[in-house]
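Okay, so here's the structure we're looking at.
The values are calculated or read from the model by the stated rules, or taken from the named source; none is laboratory data. Because the structure is predicted, anything quoted here is derived from the model rather than measured. Here the Cβ positions follow ideal geometry from the backbone for every residue, glycine too, while neighbour counts run over all protein chains shown. Remember, those area values only see protein heavy atoms, side chains included, never the ligands or the DNA or RNA. Shrake-Rupley method; radii C 1.70, N 1.55, O 1.52, S 1.80 Å.
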Amino acid sequence: MTQNKWKFGCFSIIFGYLYGLLYLGYILFIILAQSSYSMISVPAILLPFILFLLTILIIWKRVDIKNDRKAKENLNFIIIMGTIPFFICAVMLGINEYKTNFTTEKWVENMSDRVYMVDDLISTYDLKGKTKSEVMTLLGPPTDTEYFKNDKNIVYYLGNERGIISIDSEWLVIDFDNSDKVKEYVVRTD
């Protein structure tokens, strides 16, 4: 084994472990934080992949593997294995992007996924001042529950509590004033 091939092997193993651990961390973060496409998440997953490709290019240029078929096959395998985590993260961000975008249809049809949409709902729609019928047109019928219920509010079940350990459920509680217009709304946990 030549010195260059030995260095290439050691560097590849160390770089592979670090690269894999980084993307494993990204995958866990995407799952736990329900992260979607943003000005932070896209560069965060793209930068290590670009560095990976540049490293492969440098290895290709510096290490004499052009005439070694086995080394070429190993390098191709490394490129494929290094591309997979990037695509997994990109797909996961896309799935979360779809799940977090509020639409009335998704809200009504997927009660347990409302927890992902509620932030988009609150940031997109200002419910204050809307009438009860306007709220029900937007969100559908309220959940039939006794949690947080009183005469001047309606409650929507959002799903399991967000976070690592989901013991409780989350609820959207919308309070109305005496003229049946939204006074305030808040996400609560039971």
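Points to keep in mind about this one:
- Candidates Ser123, Asn160, Gly94 compared by Cα position along the dipole of the chain: farthest toward the positive end lies Gly94, with charges placed on Cβ.
- Accessible surface, the chain, averaged per residue in Å² (probe 1.4 Å): 63
- For Leu158, the residues 5 or more places off, or on other chains, whose built amide H falls under 5 Å of its own are Glu170, Trp171, Leu172.
- Residue with peak Gaussian network fluctuation, the chain [Cα springs, cutoff 10 Å], from Leu158, Leu51, Leu121: Leu51
- Mean separation of Cα contacts under 8 Å, 6 or more apart, over the residue count of the chain: relative contact order %: 17
- Cα-centre dipole for the chain with unit charges at Cβ (Lys and Arg positive, Asp and Glu negative), debye to 20: 1480
- Straight-line reach from Lys72: taking Cα to Cα under 17 Å and skipping same-chain neighbours fewer than 8 places apart, the lysines in range are Lys5, Lys7, Lys61.
- Most mobile of Lys106, Lys132, Lys61 in a GNM of the chain (Cα contacts under 10 Å): Lys61
- Candidates Asn96, Asn153, Asn76, ranked by Gaussian network fluctuation over the chain, Cα under 10 Å, top entry: Asn76
- Sparse-neighbourhood loop sites, GluC sites (Glu not before Pro) in region 42-125 - DSSP loop, at most 13 other Cβ within 10 angstrom: none
- C-alpha center-to-center spacing [region 142-169, region 10-72] in angstrom: 41
- Sulfur and carbon atoms: percent of accessible area, region 26-144 [1.4 Å]: 65
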